[in-house]
Amino acid sequence: MTRERARPSDIVLDMLHSARGRQRSAVSLIDAGALFGFNENTIRVTLSRLLARGILESPARGVYRLSRQTDALNDFVERWRLGEARVRPWQRGRWLFAHPLGATAVNQWVLDALGFREVRTGLLARPDNLALSLKELRALAAGLGLEPSVLLVAGEPEGEAVPAGWVKAWHPNQLNDDYLQAMQRLEASAARLPSLPADEARLECFTLGGEVVHRLAKDPLLPAELVDTAARESLWRAMLSYDVQGKEIWAEGRQPRLQHMPRPQLNLAS
């Protein structure tokens, strides 16, 4: 299985996110880094840089935790665990619209992560099927860094209730294929993990689990009228099972105080 090399910041951030209280000692982080081939100096330099950027805090000497800024992004990722509870039935013709008055990278990332796509020049939209009120959606978006100048409104388009040209912006057939392929990869990995050496199994869990979690976290959550929601739910259930298996593998003799299986971090550039 071909894997991209994890970055040292991935390791540090996710070990902190996965730990109880979201804090760990430098020694335990160095130990985790060694599993991925990073030496002590690399991890210590990474810790210093993350502290300087305000991504980490150090409540005591040799102890590190996630800052509130980083917690907001990780909390968004953890919403994947809600599965289909993140959506409600769609009233055809009801859409959410976003009009960014400044196309910053962060604004674009947040709107994309929340399932908005450009349907006309300067106008983004998504089906209004999220299990959030507009006020709650605005609060979630603001926590991720969306600027107050970005307008978020609910409404209906003129003409067709579901413009065919808009639907293409999400590539629904590709989404359906991605659900099935990701589930097949999880199932194949889950069957293979027990026969792998411990460290190789941890690496595979970290890489594949992270990829699928991020896919679920940033899924546009389209309604059943547009995509195969049963396939999406099957992928979610498969990932829940894989997450349990991964936590057990990671807890065997290494990093025993994890709440969740570690995985590469989602960031505003991904």
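Summary of computed values
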quantity	calculated
The range 129-201-the range 8-29 distance, computed between alpha-carbon centres (Å)	26
Rg and Dmax of the range 168-240, Cα atoms only, in Å	13.6, 44
Inter-label distance for Asn173 and Ala60, nm, one decimal - labels placed 7 Å from Cα along Cα-to-Cβ	5.8
At R0 = 41 Å, FRET efficiency that the Cβ-Cβ distance of Glu248 and Arg88 yields, to 0.05	0.75
Within straight-line cross-link reach of Lys168, lysines at Cα separation under 24 Å, skipping those fewer than 8 residues along the same chain	Lys218
Cα-based convex hull volume of the range 150-203 per residue, rounded to whole Å³	149
Projected label distance in nm at Glu136 and Val162, using a 7 Å step from Cα toward the beta-carbon	2.4
Dipole magnitude of the range 1-105 about its Cα centre (Cβ charges: Lys, Arg +1; Asp, Glu -1), debye to nearest 20	320
Solvent-free Debye scattering, log10 I(q)/I(0), computed from the Cα coordinates of the chain at q = 0.12, 0.13, 0.16 Å⁻¹	-0.79, -0.91, -1.23
Over the chain, relative contact order from alpha-carbon pairs under 8 Å, at least 6 apart, %	25
Whole-angstrom Cα spans of the range 14-68 along principal axes, big to small	29, 23, 18
Sulfur and carbon atoms: percent of accessible area, the chain [1.4 Å]	51
Heavy-atom accessible area per residue - the chain, 1.4 Å, Å²	48
Whole-angstrom Cα spans of the range 112-264 along principal axes, big to small	59, 32, 23
Rg to Rh, two decimals, where the range 97-201 supplies the alpha carbon set and Rh follows Kirkwood	1.13
Taking all pairs of distinct alpha-carbon atoms in the range 1-145, Kirkwood radius in angstrom	17.7
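The values are calculated or read from the model by the stated rules, or taken from the named source; none is laboratory data. Just so we're clear, the structure is a prediction, and the values are computed from it rather than from any experiment. Note that each Cβ is placed from the backbone with ideal geometry, even for glycine, and that neighbours are counted across all protein chains shown. The accessibility values were calculated without ligands, DNA or RNA, using every heavy atom of the protein model including side chains. Shrake-Rupley method; radii C 1.70, N 1.55, O 1.52, S 1.80 Å.
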